[in-house]
Amino acid sequence: MHTGTTLQMPQGFTYCDIAGKRVLVTGGTTGIGRSIARMLAQAGAQVLIFGRHEKELNDALQQANEGTGKELVKGFIADAGNAAGIATVFAKVDQELGGLDVLINNVGLPFQGVDKGSYEEWDYVIKTNLLSYMACTHEAMARFKDRAQLIFIGSMSAEVKDKNSSVYTATKAGIRAFVQALRKEVEDKPVKVSLVEPGLVSTDLHEMPEEKRTQMLEEGTIIHGEDIALMVWFILTQPWYVNTMMSQVLPLNQKL
């Protein structure tokens, strides 16, 4: 049995410190985004979130800041599914953060297959799930100064391509392709690009009875939003010369 073992790291190895980093989490009022915002704020980051619904925003802010005596996370109402909403978001970034070090593109809407819905509904889902990632990336890069990071929350749907989800899957596959091309576009800039593709996560996107949720967690067929937040934390704390390009985080027993 080994006791008191000290891990020997290479000379010059230094983890990146999140404390003081200015972070925007899109769609940070619910689910994975809420978990990410809370974890990064606890690590000392300045975190800004937004969402479409006031109750969800208030709940997220209360959960993140409760018992701290500090405003670790700030937030506001905005819709990433249109140009006016994106303009509002980055006006708030300038006002509240005075710049940006990390963008976490996370906003997302669920949708079924192309046999459901209308052109207007598909248009809104695509604008929210994919175009907002492009628009927010554009705005963030205009504000990055030095050693910035772009983290994209995609979905395993881009790979497994489940039936009855073709519209949603198309947006997530688009995110994967966008990130892969973007990585080449910024390779001569001090910007790291990472993609995290969650499997089945216990969030607002997957409504189910609490008993079933508990059972799935015990069976290893669903994971927590905090599991994805921990991966984001890992990515952000790696030495600057390390870029975690793509991570897939899924339940142990999820069927693919």
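Each reported figure results from applying straightforward, stated rules to the coordinates on display, with no laboratory input. Everything quoted here is computed from the prediction, not taken from an experiment. No Cβ is skipped: glycine too gets one built from the backbone with ideal geometry, and neighbour counts run over all protein chains shown.
Could you give log10 I(q)/I(0) at q = 0.13, 0.23, 0.26 Å⁻¹ for the range 178-256, computed by the Debye formula over C-alpha point scatterers of equal weight, without solvent? With no solvent term, the Cα-only Debye profile gives -0.51, -1.04, -1.20. With no solvent and one equal point scatterer placed on each C-alpha of the range 18-67, evaluate the Debye formula and give log10 I(q)/I(0) for q = 0.23, 0.25, 0.29 Å⁻¹, two decimals. Normalising to I(0) and taking log10 leaves -0.74, -0.86, -1.10. Within a Cβ distance under 11 Å of Arg38, other residues only, what is the Lys/Arg minus Asp/Glu net charge? Computed value for this residue: -1. Placing +1 on the Cβ of every Lys and Arg and -1 on the Cβ of every Asp and Glu, with no other charges, gives the range 1-96 a dipole of roughly 100 debye about its Cα centre.
Per residue of the chain, the DSSP helices (runs of n ≥ 4 H) give a summed -39500 (n - 2.57) that works out to -12500 deg cm²/dmol at 222 nm.
Averaged over residues, the count of other Cβ atoms within 10 Å places the peptides 75-82, 145-152, 21-28 in the sequence 21-28, 75-82, 145-152, highest first.
For the range 76-165, the Cβ-based charge dipole about the Cα centre amounts to some 180 debye (Lys, Arg positive; Asp, Glu negative; other atoms uncharged). Placing +1 on each Lys and Arg Cβ and -1 on each Asp and Glu Cβ, with no other charges, gives the range 173-256 a dipole about its Cα centre of roughly 440 debye. Using only alpha-carbon positions in the range 44-90, the gyration tensor eigenvalues give semi-axes of 22, 12, 5 Å once each is multiplied by 5 and square-rooted (largest first). Which lysines, on any chain, are close to Lys127 with Cα under 17 Å apart, when same-chain ones fewer than 8 places away are left out? The reachable lysines, counting only those whose Cα sits under 17 Å from Lys127, are Lys172.
Beyond 24 Å, the tail of the calculated P(r) for the range 1-118 holds 37 percent of the Cα pairs. Built from the Cα atoms of the chain, the convex hull projects on average onto 16.6 nm², one quarter of its surface area.
Here the average projected area of the convex hull drawn through the C-alpha atoms of the range 55-173 stands at 9.1 nm². Selection among Val193, Leu250, Thr88 by position relative to the dipole of the chain gives Val193 as farthest towards the positive end (Cβ unit charges, Cα centre).
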